[in-house]
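Participant: Got a structure for you, questions after.
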Amino acid sequence: MGFHHATKRRLDVSAHALADEIRSDGKGLDVLVNNAGVMTPPERMLTKDGHELQWGSNFLGPFVLTNLLLPTLLEGRAPRVTTMSSIAAQAASINFVDLEWEKKYSSWRAYGQSKLADLLMGLHLARVSQERGWRLLSTIAHPGYTKTNLQSAGAALGSGRTTMMTRIMDLDVLPSMNAVQGAGPELMAATDPAARNGAFYGPKSRTDMTGEAAEVPVYRSAKGPTLAASVWALTAATTGVDLPRT
């Protein structure tokens, strides 16, 4: 990660390269799914351009890519952006005082913040699309508790070490889904003709962890009247990338 600007830490070379490649054929883009992620590394680590790893990978990268591709998406036939959040966003908050967790790092709080920011990004984009009369749908999803290598690989960072999350997964003490089942909310949000702009999709159950994919209530943590717009504006200033003027 990392593209450069005079006084700003801007990202992201890989997002810019991907956007350039997609735009090079001159065709519109119909669907963008933001589903990158790293989860709870054991210590505070940085992206190549100096951002806290989870904030940079889970949120800033998708934010940059989405904004770079919006003009191309708006040329699509029925454009849609689907952004993956997490049940971790439910109890999360945005640490405006220390977004990069430089003072007191908490891997779980940093992860939750990044996924709440994804939810807020999707909500704000939906609002902007409606206000500007775009045909673009912005949807958000979360996979419940889906057992993949995300939980163990992030915590061990590929070292193969046994972590607390690995032990919890091995015990099967929590209701969970496999990867195919867990993809249901994401696929519904990205492809269902009945999906609504600004809607949130996840497993329909009392726990939010398992169940059939359905539209679910937006978490209370994302409902501040100016929260989504504030996070968007701050991120645009940080990255130097913002909405097209159309």
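Participant: Treating cross-link reach as a plain straight distance, find the aspartates and glutamates whose alpha-carbon is under 18 Å from the alpha-carbon of Lys48, omitting any fewer than eight places away in the same chain.
Facilitator: In chain and number order, the partners are Asp12, Glu100, Glu102.
Participant: For segment 177-202 and segment 25-53, compute the distance between their C-alpha centroids and round to whole Å.
Facilitator: Measuring centre to centre over Cα atoms gives 20 Å.
Participant: For segment 45-97, just say rounded, prolate or oblate: build the C-alpha gyration tensor, square-root its eigenvalues into a ≥ b ≥ c, call rounded for a/c under 1.5, and beyond that prolate if a/b exceeds b/c, oblate if not. Let's see the in-between values first.
Facilitator: Values: a/c = 2.95, a/b = 1.59, b/c = 1.86.
It comes out oblate by the Cα gyration axes.
Participant: Which of the aspartates and glutamates could a cross-linker span from Lys103 if the Cα-Cα distance has to be under 14 Å and same-chain partners fewer than 8 positions apart are dropped?
Facilitator: Result set, ordered by chain and number: Glu43, Glu52.
No value in this document is a laboratory result; all are computed from the given coordinates. Keep in mind it's a predicted model, so treat the numbers as computed, not measured.
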